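Step one of this worksheet: look at the structure below.
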Amino acid sequence: MKSVATRNSKRPASPMRILLIWTLVSGLLFGLAEFGDPLDDIFRIGRNKMREHNASGQVVVVGIDNLSQQDVGNWPWGARDYAAVINHLGDAGAKRIFFDFPINGLARDPGAPLLVEALKQNSGKVYMAADFSDDPATGKRTMLLPPEQMRQHVRLINTNVWINGYNIVWNGRFANRVGDLVVPSIASEMSGIRGAVGEEYPIDYSVRLASLPYLSAGEIVRDDASIKQVNGRDVIIGTNATGVGNRYSVPGQSPSASVFVSALAAETLLAGKPSAYSWLIPFLVALAVTALMLRVSRRSLVMGMIILLPICSIGLPLLLESYGKFTQIMPATMLMLGSMGHLAWKLHRQRFDERGMVNEVSGQPNLNALRAQGTESQDGLIAARIHNYAEAATALPAAAEKELVDQIIMRLSLGNGGCKVYQGDEGIFMWQVPATTINNVGDQLAGLSAIFRSPANISGRLIDLGIAFGVDADPGRSIQSRMSSALLACQEAQNAGEHWRVYDPTKLEATEWRVTMLGELDAAIDNGEVWVAFQPKLDLLSGEICGAEALVRWTHPEKGPINPEEFITAAERHDRIEKLTEHVLNRAVQVAAILNRDGRKFDMAVNLSPRLIGHANLKPMVIQTLRRHGLSAERLILEITETAAMSSAEAAMQELRDLRSIGLQLSIDDYGTGFSTLDYLKRCPATELKIDRSFVRMLVSSRSDRIMVNSTIELAHSLGEEVVAEGVEDNETLQLLGQMGCDKAQGYLIGRPMPYEALVDYLADYSPAKAA
């Protein structure tokens, strides 16, 4: 028992270790590939809201807004207007005046001397933008500098910004290089805080936009009394009119003009130089905390993680950002979330191991206990199944099910020599027998069958219990596989009306193939193992080959040719037929397009699965394939079986009419095997009936088949449809079909299914004389 407990404790380690590794990898990907940036931004917006505060009041925004344009005129303004703004702000005692946009086209403006004079009078107080503009098409960079006569009286600042995919300017720069000049930003110049060229700092968006002092440029030009509030303060002048200048999304606030972003950047640096730390620092801290807590008891660890997660993802960054320390916490948060999932899964498995070994109703050991007990067992395995367990349990009071199980286990234990019985769901019971006695298990099971012939007395009710047994005597496989094998043998015994059966290991390969076949089919289509053969069709009137039917084939590299009926049926049953049909249709249309290029009229027939009739993708798939290869729709024939066509709902019938409307042909395949009515044939938009080979094969020797085929030909012709006879294998049958007026024939006599290359050779060598 000690070794069993050891194996049981180690069993969950592998998947949990994989989960922990994936958690670590996911956290690293969130950091290295920046997958977590959008989430980090959302969390940062939330933290900004939590510590939202008013501006310092040291920066006044002057906006060239709609009101200003009404007073002065549309922007851009002339030099005279800028001179008036500068003079009035200077007279009002503005500390410094910053322009948030380039003034680079006023050298020849009539008011330029006035502007130069205003700059002289306010020398050292005015800052003009020295920016650059990159052409996205050519990559050419253009410098936007103030006119030379003005530059000597101003200081230069740079207003270029970089936005992310959401039109947000998250970071400002201390300085940028403009040509040969290193130009500081407005925020850097205003605060006196310097940094390297291109060095970034996070902008603090917790400052309320509405708290920034604001004046309309029109008020400045009019020299209103409100201009007095600029006294002793720095002023940033920028555009703020509808449709003028750049506007950016402000996280957590309304979209605003670029001048407000510049003002918030200045407010950030005026509060001190912020620091931005790599995501790796909190990630490594989270990794260390997680590693340390793994030594704590599991329950305490989960509780600790639950407490630490909000602290680390919200509280700690909130505290740090209050002191100007910024970082990304999503990689660390992902690590902690994954660790919590890992630990929760570990707790779940622990409880499962402790309490999941017994059946909740009966208290008997369940199949989980058998899996743990028999992992390395060499003993034989027997499964018993009560056919009518669900019916019996339903007929009994709820409390009586335990009594039913107890009686079943008592009988099994009585007949199996006292071996421990494990209970599964729905009347399944299992036990192990020593390997030395497995050859004599037949006598044991025969005795058990005799015991169960007597009804069980449950709460005064006589319950008849039907039972079957399955035996697995192959110890070379896992216990789970052996349990499945024993149950399969049990099911086979029940279906055959036998008391018991031994699982046949030789069936394992066939079972594995059925399970893996569909998985291999998709890959086989992609790598060329699945190919299309073509069986030619003969026009009985002209004696010419008029077309072919496309037939799918699968040549497996190990198993060789696979029966088409086997994999087609499996693909239909498991909704995988669409890809297979698309593959066949594409190849068939491609070949038909090639064969029709030299003026030959060569039809191509493709079988259509009943599962695709009425499918939304069917018509677009057909149209796109025809267009892709340039084949006329009238050269394509879609074949549907008679049974499938008859069972089609009205909506599916409409789908067939829609397909017919694009010009292609529809054929009812295997005609005669279903029960088509004349009314149905009149409603169906088919252009062709294809008589099933079972009637054609006996055409010469069977009078009833001749009558059926002849009447079918006459009926089809009366409906304006052609007739194809399939399965033609001898000349006598071919001649008889011609006498009956059949239009086309298909079968081994005319040609077997062949690859495209062989079809080309066949058509080159074929002549009507050979057919005769």
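The table that follows gives values for the structure above.
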quantity	calculated
Members of the stretch 389-430 that are touching a residue at least 12 places away in the same chain (Cβ under 8 Å) and part of a loop (DSSP other than H, G, I, E, B)	LEU396, PRO397, ASN416, GLY417, CYS419, LYS420, VAL421, GLY424, GLU426, GLY427
Residue in the stretch 232-251 that is most open to solvent (accessible area, probe 1.4 Å), counting only those that are out of contact with any Gly (no Cβ under 6 Å at 6 or more places or on another chain) and not in a loop (DSSP other than H, G, I, E, B)	ARG247
Test: LEU626 is within 21 Å of GLN746 (Cβ to Cβ), free of Cβ contacts under 8 Å to residues at least 40 places away in the same chain and aliphatic (A, V, I, L, M)	no
Matching helices (runs of 4 or more DSSP H) fully within the stretch 15-113 where at least 2 residues are farther than 30 Å from VAL221 by Cα	37-50
Number of the exception - GLN444 against (1) over 25 Å from TYR503 (Cα atoms); (2) touching a strand residue (DSSP E or B) at 6+ places or on another chain (Cβ under 9 Å); (3) assigned to a helix (DSSP H, G or I)	(1)
Residue tally, condition more than 18 Å from PHE283 (Cα to Cα) and either among the basic types (Lys, Arg) or at pLDDT 60 or above (or both), over the stretch 4-52	14
Hits in the stretch 136-174 - residues which are surrounded by 14 or more Cβ atoms within 10 Å (Cβ to Cβ), more than 28 Å from LYS273 (Cβ to Cβ) and of a type in the set (Lys, Arg)	ARG151
Test: ASN596 is over 23 Å from ARG657 (Cβ atoms) and crowded, with 16+ Cβ neighbours inside 10 Å	yes
Among the candidates ASN74, ASN66, ASN122, residue that is at pLDDT below 95, on the phi < 0 side of the Ramachandran plot and open to solvent by less than 50 Å² (accessible area, probe 1.4 Å)	ASN122
Residue selected from the stretch 714-743 under the condition of a type outside the set (Gly, Ala, Ser), part of a strand (DSSP E or B) and touching a helix residue (DSSP H, G or I) at 6+ places or on another chain (Cβ under 9 Å), by the criterion surrounded by the fewest Cβ atoms within 10 Å (Cβ to Cβ)	GLU722
When residues of the stretch 392-419 are limited to those that are open to solvent by 80 Å² or more (accessible area, probe 1.4 Å) and over 28 Å from GLY442 (Cα atoms), the one nearest to the chain's Cα centre (by Cα)	THR394
Any pair with Cβ under 7 angstrom, 6 or more apart, that starts in the stretch 223-234 at a residue that is touching a residue at least 40 places away in the same chain (Cβ under 8 Å) and ends at one that is open to solvent by less than 50 Å² (accessible area, probe 1.4 Å) and not hydrophobic (A, V, I, L, M, F, W, C)	ASP223/HIS88; ILE227/HIS88; ILE227/GLU219; GLN229/PRO213; VAL230/GLY93; ASN231/GLY93; GLY232/GLY93; ASP234/ARG96
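Let's see how each residue does on (1) farther than 30 Å from SER191 by Cβ; (2) in contact with a helix residue (DSSP H, G or I) (Cβ under 7 Å, 6 or more places away or on another chain); (3) at pLDDT below 80:
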site	(1), (2), (3)
TRP279	no, yes, yes
PHE283	yes, yes, yes
MET293	yes, yes, yes
ILE307	yes, no, yes
CYS312	yes, yes, yes
ALA372	yes, yes, yes
THR375	yes, yes, yes
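The values are calculated or read from the model by the stated rules, or taken from the named source; none is laboratory data. Predicted model only: the values in this text are computed from it and were never measured. No Cβ is skipped: glycine too gets one built from the backbone with ideal geometry, and neighbour counts run over all protein chains shown. Areas reflect the complete protein model, heavy atoms only, side chains present, ligands, DNA and RNA absent. Shrake-Rupley method; radii C 1.70, N 1.55, O 1.52, S 1.80 Å.
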